[in-house]
Amino acid sequence: MNAIEISNIAKKYKGFSLGPLSLTLPAGCILGLIGENGAGKTTTIKALLGMNHPDSGEIRLLGQPLSADLRNETGVVLDEVGLPENLRIPQIEKIMKYSFRNWKSDVFAEYIKKFNLPENKRFRTFSKGMKMKLGLAIALSHDAKLLILDEPTAGLDPLVREELLDILNEFTRDEGHAVLISSHIVSDLEKVCDYIAFLHKGQLMLCEEKDRLLEQYGFLQTTAENLDALEPAAIRGKRVTQYGAEALVDRKLVPQTFDIRPVTIEELFVYMAKEG
Amino acid sequence: MNLFIDNKSGAPIYDQIYSQIKALIISGALSENDPLPSIRSLAKDLRISVVTTKRAYDELEREGFLYTVPAKGCFVAPKNTELLREEHLKQIENHLLEIRQLAAACGMSKQDIIQMLDLLDT
Amino acid sequence: MKGLLCKDLSGIFVPLLVFTAMLLAGTALKIPYFLAFSALMIGMLPIDGMPKDAVSRWESYQLTMPVSRFGIVTEKYLLMLFCTAVSAVLLSIGMLRFLLQGEMSVSDYTLWIVRACMGGILIPAVYFPVCFRFGYGKGKAVYILLIVSFAVLITGELAVTEAAEAHGLLSAKVLHGCFPLLAGNTAVSRLLCMLLDADSSQIIAVSVSGALILTLLSWLLSLWGFRRREF
């Protein structure tokens, strides 16, 4: 079963249009959505939550059309955790207990302890990292099958980011679980994703298995003349300076005599975005 | 079972898993009918993609190095020496083709190649 | 909806206690102003938390929870009815003293309770649809506009009330020293009843049914507006 099926959604805003976009996330996998600010990542994620209404297209989560009830099985952390400012954790938990069908108080308590969150301070005193951690604790404490995270690591220190990636890794040990995470800190996603999708100016540039991308593409540094001698189809993006040239190339279309070094997902995205 | 995956080496990850498990099986470090870790737990423990791990396992199964028992898991297949020999011959042939190609690119003859081989042996 | 009710009820708990105390003080100290004002404030508590929800981004966060847009809207209306009912009950108790001591007739007593609690229905009924359609924060401008227009209505109400008194529709004693309340609807209906020569029980009936119809319309409008809202 697919955890997420987006078919041809499109949405037009003033000055920006998204799609048509189709995306599939198989169960048991983690998909990283990468794009620059304003690429449409948040718009896409909000469409998944029914927070905006696409002009066309269809979305299915966990095999079903969107509904409020489905959110019992999705854990969501958006870049802003909008909990009431003057509440403390026990009060917040009470609200969640009455809202989610499968709320697990013991699991929540464990996460609060693990994240070192203070039970007797009001939410407004929490730092950004603490707010995100609380949002994550809530998302993980009601037997969710699908985690949807929008820029959860922005503004967090490397230790916390690593903790989050660990949690996502563990979450997907269960093959019925899946994660969609969007970020513009590509290095984080590269560590943990099975699939990578590039979103640029509202269009999906690609959606592929991460490891296949890393196998297919490489980075070549050579002279400008050598570069010109290659098949144009082999070059996915290039930069020529007075000292030489570097290019993102398709390994299969470049003779093996060239020294091609591995490429990072970040480089892949930057070169493709510039070219496209 | 020791597996070392190098993210930076540029060698495809599925290939690294495939080759290392195959080597362990051929060398005897993994014996017949030994259980292999499940695809998912191996992927999560090594922090690599499940899809990629599955690819490696599928390849190993296709080549007869492991077999799957539904609901139980994957196990090392009994060694088939004939299959292994064939495997190795195939690989040698591929390498030779490559060597011939490279040699042609820099104008070496068959004799030059054999000379190089002798030099390596000394 | 249960979770939302839990959140909102715990949010209004303390103000509710404060205004209840104020109301009881009004009974004890015979200050009708306290009574009327508290009743109105209790009726308005549902609105109280909404600008805060806008600031804390609860408005969009709640959509990540398993509650439908229908549930979000309906919960606020249930809260509104609850607060109005509470204000009516408390005011009835608080004003019992005036009734029992013969300072008010039963019809005046009922009329006063209806008038005082009207604000708790009218103001949210106008405020909610704006909030749901345009954002909890934008509703604030409308809120202020509402207060201003009701102030205007109060002045008009004073004139009507005095005229009503002249026609013997309301006992003079209760009027003296009272701060006139927001009950524009009631003033209009009373004017109408006055013109049609109706008595106070009919005024009450018209006012209450008018208020309920308005609430229903407001709820439907809010549902429509919130369904169209995008985040």
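The table below gives the values:
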read-out: Over region B:13-76, relative contact order from alpha-carbon pairs under 8 Å, at least 6 apart, %; value: 42
read-out: Cα-centre dipole for chain B with unit charges at Cβ (Lys and Arg positive, Asp and Glu negative), debye to 20; value: 540
read-out: Extreme residue, positive dipole direction of the protein assembly as shown, given options B:Phe4, C:Thr215, B:Gly64 (C-beta unit charges); value: C:Thr215
read-out: Average beta-carbon neighbours from other chains, 10 Å sphere, peptide C:63-73; value: 6
read-out: Candidates A:Leu230, A:Leu18, A:Leu156, ranked by Gaussian network fluctuation over chain A, Cα under 10 Å, top entry; value: A:Leu230
read-out: Principal-axis tilt of helix A:265-275 within chain A, Cα atoms, nearest 10 degrees; value: 60
read-out: Residues of type lysines that B:Lys90 reaches as a straight line, Cα spacing below 23 Å, ignoring anything fewer than 8 places off in the same chain; value: A:Lys252, B:Lys22, B:Lys79, B:Lys110
read-out: Region B:13-76 - charge dipole about Cα centre, Lys and Arg +1 at Cβ, Asp and Glu -1, debye rounded to 20; value: 280
read-out: Among C:Cys131, C:Gly94, A:Val249 - extreme Cα towards positive end, dipole of the protein assembly as shown, charges at beta-carbon; value: C:Gly94
read-out: Anisotropy class of the protein assembly as shown from Cα gyration tensor, a/c 1.5 cut; value: prolate
read-out: Listed pairs A:Lys114/A:Lys210; A:Lys97/C:Lys7; A:Lys41/C:Lys140; C:Lys2/C:Lys138; A:Lys12/C:Lys140 exceeding 21 Å between Cα atoms; value: A:Lys114/A:Lys210; A:Lys41/C:Lys140; C:Lys2/C:Lys138; A:Lys12/C:Lys140
read-out: Over 26 Å between alpha carbons, listed pairs A:Lys145/A:Lys274; A:Lys46/A:Lys201; A:Lys104/A:Lys128; A:Lys201/A:Lys238; value: A:Lys145/A:Lys274
read-out: Exposure proxy order (Cβ contacts within 10 Å, fewest to most) of C:Met1, C:Met95, C:Met41; value: C:Met1, C:Met41, C:Met95
read-out: Net dipole in debye of the protein assembly as shown [+1 Lys, Arg Cβ; -1 Asp, Glu Cβ; about Cα centre; nearest 20]; value: 2320
read-out: Order of A:Thr42, A:Thr257 under a 10 Å beta carbon neighbour criterion, fewest first; value: A:Thr257, A:Thr42
read-out: Tilt relative to chain A, helix A:128-140 - C-alpha long axis, 0 to 90 degrees, to 10; value: 80
read-out: Fewest-first sequence of C:Asp108, C:Asp8, A:Asp250 by Cβ atoms within 10 Å of each Cβ; value: A:Asp250, C:Asp108, C:Asp8
read-out: Prolate/oblate/rounded call for region B:81-121, Cα gyration tensor, a/c under 1.5 rounded; value: oblate
read-out: DSSP beta bridge pairing in chain A, given as percent antiparallel to the nearest 5; value: 65
read-out: Shielding of B:2-9 by partner chains, average beta-carbon count, 10 Å; value: 1
read-out: For region B:81-121, with +1 on Lys and Arg beta carbons and -1 on Asp and Glu, the positive-most of B:Gln101, B:Met116, B:His88 along the dipole; value: B:Gln101
read-out: Relative contact order [Cα under 8 Å, 6+ residues apart], chain A, whole percent; value: 22
read-out: For residues of A:83-91, the mean tally of beta carbons on other chains within 10 Å; value: 4
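The numbers here are math on the coordinates, done by the rules we state, and not lab data. Note that the structure is predicted; figures quoted are calculated from it, not measured. Here Cβ is always computed from backbone atoms with ideal geometry, including for glycine, and neighbour counts include all displayed protein chains.
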